[in-house]
Amino acid sequence: MEDIEDDMLEEKEEEGEEEEGESDGSENPSLLPFKPPSRATRLHIERSSVCSRAYFVVVMVFFHVYILNVIALLLYVHYNNGPGELVSGAGTPSASVGGGGSSVPHPAPAPTELQVQDHSQSFSLPRIEGIRVGHVQQVSLVPDSSHEMRTLSLKPLLFEIPGFLSEEECRVVVQLAQLKGLMESQTMSPGQGPEESNQPLLSISTEEVFSLLDLNQDRLLQKQEIVSHSRSRDGTWLSPDNLRQILTGLEARPAGLLTLEDFRRVYDMSQRPGQQQNGKLRSQFKQRNKHTWLYQGLGSHHVLQTLRNRLISLTRLPPALVELTEPLQVIRYEHGDFSNAHHDSSRSHSETTCAHTRLAGNTSALTEVSCRYLTVSFYLSSAEEGGETSFPVADNRTYDEQALGQDGVDLIDTQETCGRGNLRIKPTAGTALLWYNHLSDGRGWMGDLDEYSLHGDCPVRRGVKWVANSWVNVDPDHQLQVRYQRLVAQRHKAKSTLEEAYQPLSHSDLHQDL
């Protein structure tokens, strides 16, 4: 029995030692023999690696696309918010005036010579955002001061800037205009008598007009003979609409010629004011006031140069573009003086060319018209009664030219219907109005005429109204405007070279036009 018990104890001890050996092996895996991974495990590892690489590629593609979008957005903002090439050589491009609280930097000191830049590359025309009617944004036009600019309408885009001019600046501009001398600018309908009108052709008969146009005196008018006298800007009888009507009558003739009888019919019809042509109202423009023009370039009064620099800062337009535009027009409205509703700029037609780019334009164009991108009007005095600036169709839902003269009411005639205009602005000394005469073409350039920019001046009932108008001329043809800018720059450079070589003392050096 003792032998059997001893054997059983030895077997239990051997089993205990084996269990301790197994437990030691599980605690130390390095002591176990190596077993290669199975095929399923290897496939799982390879699939995980492929998925990681694909995910990395996708992430990198999206990252590069994001970077390209950011770059494209920056380029879009750069080329649409301001000119890149057409900036003053001494200054820097102006800042944005778009949102509330934004400001325009004070204009740089007036340059000592006309800015000449390289216009081989394209530039754009910035526009101020109106946001909504009544929106107020801050603009900085003089050092250490800011002005409020209020949106008055969105159609047209119209702003009011109170305090744009100081009382002293208003006084100086009025005195300069008086010193220069004011001219009558009456334009009346024929029914009001020749004593009230200065239209030179109203005293010339149809037969005399025909004879003047008939260059070869063959008693027949050809198209070229009519075109040769059509480049006048006075708008008396060869306005674009009148000229188009006369040429339409000429083309209707089998031989393409007009006899005296043919010309009398088409000419007399084109001269009738208030005619309904093609379903549209054709009211003749009428006004009565006195005006003059003040030069704002080099050598002019410092107040006039300050106004131009201030306008550049307000509009953010290229200085070289503004410097080549029309002089400052100063108008005096006395008791009863007015101007009918009109557009400052003109529609673009194939037979017209802009007056300011005619040197670089199409010399075969039939007539010249004013191409004014925007208008800035300065009130130099406050009329006691009347004299409001009226925008008859401002912010109308639609524009219908024929509707301007329905039910015996002609909204063009500010003498009779000024009080019925949608928007009337009372003149206040020092206040400036800015509006765009053209829409944007969507590519940073000047588009079609904004018909809602129709405006006029109500009759002055008591007191005197002084106002100044500044226009910025831009050709709807972008390439033609660039060509014109380059041509002016070349002429200025040639003139400067000639003056350096030979500088005699002349009367022009002793007298500077106002």
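The values are calculated or read from the model by the stated rules, or taken from the named source; none is laboratory data. What you are looking at is a predicted structure, and each value in this text was computed from that prediction instead of being measured. Using ideal geometry, Cβ is built from the backbone for each residue, glycine included, and neighbour counts are taken over all protein chains shown. For accessibility, only protein heavy atoms count, side chains too; no ligands or nucleic acids. Shrake-Rupley method; radii C 1.70, N 1.55, O 1.52, S 1.80 Å.
Please list, ordered by residue number, the strands (runs of 3 or more DSSP E) wholly in region 441-497 having 1 or more residues that are in contact with a Pro (Cβ under 7 Å, 6 or more places away or on another chain) and either open to solvent by 10 Å² or more (accessible area, probe 1.4 Å) or over 24 Å from L359 (Cβ atoms) (or both). Step through it out loud before you land on a result.
On the way: elements: 446-449, 455-457, 460-462, 465-473.
Because the criterion is at least 1 residues that are in contact with a Pro (Cβ under 7 Å, 6 or more places away or on another chain) and either open to solvent by 10 Å² or more (accessible area, probe 1.4 Å) or over 24 Å from L359 (Cβ atoms) (or both), the strands (runs of 3 or more DSSP E) in region 441-497 that meet it are 465-473.
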(request) For region 427-439, name all the residues that are open to solvent by 10 Å² or more (accessible area, probe 1.4 Å) and either out of contact with any Gly (no Cβ under 8 Å at 6 or more places or on another chain) or at pLDDT below 95 (or both). (result) T428, A429
(request) Please find, among S339, S350, the residue that is outside any strand (DSSP E or B) and either of a type in the set (G, A, S) or at positive phi (or both). (result) S350
(message) Pull out all pairs, ordered by first then second residue, where Cβ-Cβ is under 9 Å, the residues are six or more apart or on different chains, the first lies in region 245-264 and is on the phi > 0 side of the Ramachandran plot, and the second is outside any helix (DSSP H, G or I).
(response) G256/Q222
(message) Among the residues of region 412-423, are any assigned to a strand (DSSP E or B) and not hydroxyl-bearing (S, T, Y)?
(response) yes
(message) Considering only region 350-370, I want to know if a residue exists there that is at pLDDT 95 or above, closer than 22 Å to M183 by Cβ and not aromatic (F, W, Y).
(response) no
(message) Looking at S189, S228, S197, can you tell me which residue is modelled with pLDDT of 50 or more, open to solvent by less than 80 Å² (accessible area, probe 1.4 Å) and under 37 Å from the mean Cα position of the chain (by Cα)?
(response) S228
(request) For region 329-338, indicate whether the set of residues that are open to solvent by 10 Å² or more (accessible area, probe 1.4 Å), of a type in the set (K, R), out of contact with any helix residue (DSSP H, G or I) (no Cβ under 6 Å at 6 or more places or on another chain) and under 20 Å from P427 (Cβ atoms) is non-empty. (result) yes
(message) Among the numbered criteria (1) at pLDDT below 85; (2) of a type outside the set (G, A, S); (3) open to solvent by less than 30 Å² (accessible area, probe 1.4 Å), which one does L307 miss?
(response) (1)
(request) Filter region 382-393 for residues that are assigned to a loop (DSSP other than H, G, I, E, B) and either without any contact (Cβ under 8 Å) to a residue 40 or more places away in the chain or open to solvent by less than 20 Å² (accessible area, probe 1.4 Å) (or both) and give the result. (result) A383, G387, P392, V393
(message) Taking the conditions exactly as written (open to solvent by 10 Å² or more (accessible area, probe 1.4 Å), among the aliphatic types (A, V, I, L, M) and modelled with pLDDT of 95 or more), does V173 satisfy them or not?
(response) no
(message) Please go through region 469-514 and give me each residue that is modelled with pLDDT of 70 or more and over 19 Å from the mean Cα position of the chain (by Cα), ordered by number.
(response) R486, L487, V488, A489, Q490, R491, H492, K493, A494, K495, S496, T497
(message) Against the conditions (1) at pLDDT 60 or above; (2) in contact with a helix residue (DSSP H, G or I) (Cβ under 7 Å, 6 or more places away or on another chain); (3) open to solvent by 70 Å² or more (accessible area, probe 1.4 Å), where does T206 fall short? Just the number, please.
(response) (3)
(message) So L74 ticks every box in (1) surrounded by 10 or more Cβ atoms within 10 Å (Cβ to Cβ); (2) at pLDDT below 75 but one. Which box is left unticked?
(response) (2)
